[in-house]
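First up is the structure itself, then whatever we jot down about it.
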Amino acid sequence: MQLRPYQREAIDSAWKYLRACDGNPCLVLPVGAGKTIVMAELIREAITAFPGTRIAVVAHVRELVAQNADKLRRHWPEAKIGIYSASLNRRDRFEPVTFASIQSVYDKAMQLGRFDLVLVDEAHRIPLRSEGMYRTFLEGCQRANPAVRVIGLTATPYRLGAGMVCGPDYILNDVAYEARIADLIRDGFLSPLVSKGGAARADLSGVPIRNNEYAAKQLEQASRAPGIVEAACDEIVRYCSDRRAWVLFCAGVSHANDVAAELVRRGVAAAVVEGDMPATRRDRAIEDFQQGRLRALVNVNVLCEGFDAPHVDAVVMLRSTKSAGLYVQQVGRGTRLCDGKANCLVLDFAGNIAEHGPVDSITVRAPRKAGDKAEVEGAPTKECPQCQAIVVIQVRTCSCGYLWPFEASPRHDATATDAEILSGAVAANKHAVTAIHYARHEKPGSVPSLRVTYSCGLRLFREWICLEHGGLPRGKAVAWWTRRLAGEVPTSIDRALALAPQLARPTHIFVAERGKYPEITSHEFDHARP
């Protein structure tokens, strides 16, 4: 199987990190970008290069365990694979590669033998500090083999109320590679997204917030208010009439049953899947949907992760959430490519786009002072006064044709009916690089960075590489550096400047000019690897 360029870069970044750093890396790949093939190739390369290596691949649901094992079989038929999962009725213990449900193995690490490498799928589920099944299992693996290394893979490297899952004191220490959803859509590796807000929205003013999320019972009650389900289903059928496969996210089982019943009443073949239903019924409904016998799959906390249906071309959000990760995972159900699929419609009745911003602009804000929690936040937005669409704040011209005057004061109104699911207001322009200059950049009281200046004809563009930082900035710096030079990744700017003459030079850069500060979005080299 031919790897996509970014998949190859992700794998190379993982190996370079493991060679150059003592910590454990995280690879960030959007939903639909092919994490399973990245894991499969990592496994093949590890065992091929180091015979006798033992690898564990852990996930939190049986569907992911089965999918990951199947992908390795297809990618590398010679692999010796075992599965340890009670829900799959398998308890293989000593194969070179063990795919495991974390619920089945969390307290059995010592019984499974020594692992040299552990891959964690949906790695954002690893708790940052408190005990949990993942931490228990990984600590057991460390007792069996103190040299064991861990690679996490996720589309959403943050946790609600906690921030980034990578840090110096966490199990995962740095983001070694990140593929951005906007870049993969631009390059044709993911499906384009279009959005439309739903007017039939629940009133959340009386829904309390508990543990950083809407209280489940009250949220479901608000979502089932008289008339709101019926009105929403009228809109869904109208907007999705030309769509092939719909996935709907609901606030609870009763809410999902209401929605499915209304869709069926309107002639749509629909079924509900939820976590407490018998596995055989749930599997049958999913299979019917995959085979086209169902047009709509209405779910509660089942299809957010580990659900692979490339033909989905409509995602309907009827559940409001404070979790940016859950929002991104829901939207991601529609990003996979499929023959005959031009794009995926995201229909938002939950106000999630207005809450979190465009799906490609989610960022993590570090705590402002001791005791504060990290926050995950989206790009600032404003409302178009002409069509009420919500767009990112840098946009000057709305899709309806409205032009903002420079003095306009943008605002964010949570009751707007339309919101853009992608921020892509500005295309990245390609510039030929004629010269590169490296320098130390430092402001009083801040950590220094490496300033890289690209001369492109008469224009200059700059980027800042945060080699002395921690967390995500350091992870991005590691990925940037290893793209240009194998071996040591410097931890100081002085060392980086000493090594700078050895760095591979890009021939072109892509620049998105978003107002005052242009952003370098990607680099092009004259060969596949430096």
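The sole residue among Val61, Val65 that is β-branched (Val, Ile, Thr) and either within 17 Å of the chain's Cα centre (by Cα) or modelled with pLDDT of 90 or more (or both) is Val65. Scan region 454-477 for residues that are assigned to a strand (DSSP E or B) and not small (Gly, Ala, Ser) and jot them down. If the condition is that a residue be assigned to a strand (DSSP E or B) and not small (Gly, Ala, Ser), then Tyr454, Cys456, Arg459, Leu460, Phe461, Arg462, Glu463, Trp464, Ile465 are the ones that fit.
Among the residues here, Thr453 does not qualify as exposed (fewer than 13 other Cβ atoms within 10 Å of the Cβ), β-branched (Val, Ile, Thr) and farther than 18 Å from Ser492 by Cβ.
Looking at region 93-194, the helices (runs of 4 or more DSSP H) lying wholly inside it that each contain 2 or more residues that are surrounded by fewer than 16 Cβ atoms within 10 Å (Cβ to Cβ) and at negative phi sit at 133-144. Evaluated against (1) within 28 Å of Lys341 (Cα to Cα); (2) in contact (Cβ under 8 Å) with a residue 12 or more places away in the chain; (3) outside any strand (DSSP E or B), Arg284 falls short on exactly one condition, (2).
Out of Glu235, Glu262, one residue alone is out of contact with any strand residue (DSSP E or B) (no Cβ under 7 Å at 6 or more places or on another chain), within 25 Å of Ser195 (Cβ to Cβ), surrounded by fewer than 23 Cβ atoms within 10 Å (Cβ to Cβ) and at pLDDT 95 or above. It is Glu262. hydroxyl-bearing (Ser, Thr, Tyr), in a helix (DSSP H, G or I) and assigned by TED's automatic domain parsing to the domain that holds Leu347: does that describe Ser254? Yes, satisfied.
Taking the residues in region 486-501 that are under 18 Å from Asp174 (Cα atoms) and not β-branched (Val, Ile, Thr) as candidates, determine which candidate is surrounded by the fewest Cβ atoms within 10 Å (Cβ to Cβ). If we take residues in region 486-501 being under 18 Å from Asp174 (Cα atoms) and not β-branched (Val, Ile, Thr), then Gly487 is surrounded by the fewest Cβ atoms within 10 Å (Cβ to Cβ).
If we scan region 33-42, do we find a residue that is at negative phi and either surrounded by fewer than 17 Cβ atoms within 10 Å (Cβ to Cβ) or in a strand (DSSP E or B) (or both)? Scanning region 33-42, I find no residue that is at negative phi and either surrounded by fewer than 17 Cβ atoms within 10 Å (Cβ to Cβ) or in a strand (DSSP E or B) (or both), so the answer is no. Residue pairs whose Cβ atoms lie under 6 Å apart, sitting 6 or more positions apart in sequence or on different chains, and linking a residue in region 468-492 that is free of Cβ contacts under 8 Å to residues at least 40 places away in the same chain to a partner that is of a type in the set (Gly, Ala, Ser), are Pro490/Ala496. Look at Ala222 and say whether it is assigned to a loop (DSSP other than H, G, I, E, B), assigned by TED's automatic domain parsing to the domain that holds Leu345 and among the aliphatic types (A, V, I, L, M). The answer is no for Ala222.
Residue-wise test of (1) in contact (Cβ under 8 Å) with a residue 60 or more places away in the chain; (2) outside the structural domain of Phe137 (by TED's automatic domain parsing); (3) in contact with a strand residue (DSSP E or B) (Cβ under 7 Å, 6 or more places away or on another chain).
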| site | (1), (2), (3) |
| --- | --- |
| Arg62 | no, no, yes |
| Val65 | no, no, yes |
| Arg73 | no, no, yes |
| Pro77 | no, no, no |
| Ile81 | no, no, yes |
| Ser87 | yes, no, yes |
| Asp92 | no, no, yes |
| Thr98 | no, no, yes |
| Gln103 | no, no, no |
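Hey, does region 268-291 have a residue that's under 20 Å from His356 (Cα atoms) and under 23 Å from the mean Cα position of the chain (by Cα)? Scanning region 268-291, I find no residue that is under 20 Å from His356 (Cα atoms) and under 23 Å from the mean Cα position of the chain (by Cα), so the answer is no.
Suppose the filter is under 28 Å from the mean Cα position of the chain (by Cα), at pLDDT 95 or above and either assigned to a helix (DSSP H, G or I) or not charged (D, E, K, R) (or both); does Val247 pass it? Spelling it out, Val247 is indeed under 28 Å from the mean Cα position of the chain (by Cα), at pLDDT 95 or above and either assigned to a helix (DSSP H, G or I) or not charged (D, E, K, R) (or both).
For region 330-356, the set of residues classified as at pLDDT 90 or above, part of a helix (DSSP H, G or I) and either under 23 Å from Asp288 (Cβ atoms) or of a type in the set (Gly, Ala, Ser) (or both) consists of Gln330, Gly332, listed by residue number.
This table checks each residue for (1) touching a His at 6+ places or on another chain (Cβ under 7 Å); (2) farther than 17 Å from Ile171 by Cβ; (3) not aliphatic (A, V, I, L, M).
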| site | (1), (2), (3) |
| --- | --- |
| Ile47 | no, yes, no |
| Arg62 | no, yes, yes |
| Gln67 | no, yes, yes |
| Asp92 | no, yes, yes |
| Lys108 | no, yes, yes |
| Leu119 | no, no, no |
| Arg125 | yes, no, yes |
| Tyr134 | no, no, yes |
| Cys141 | no, no, yes |
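Residues of region 1-22 that are modelled with pLDDT of 90 or more and of a type in the set (Gly, Ala, Ser): Ala10, Ser13, Ala14.
The values are calculated or read from the model by the stated rules, or taken from the named source; none is laboratory data. The structure presented is a predicted model; accordingly, all values stated were derived computationally and were not measured. Cβ sites come from the backbone with ideal geometry, for glycine too, and all protein chains shown count toward neighbours.
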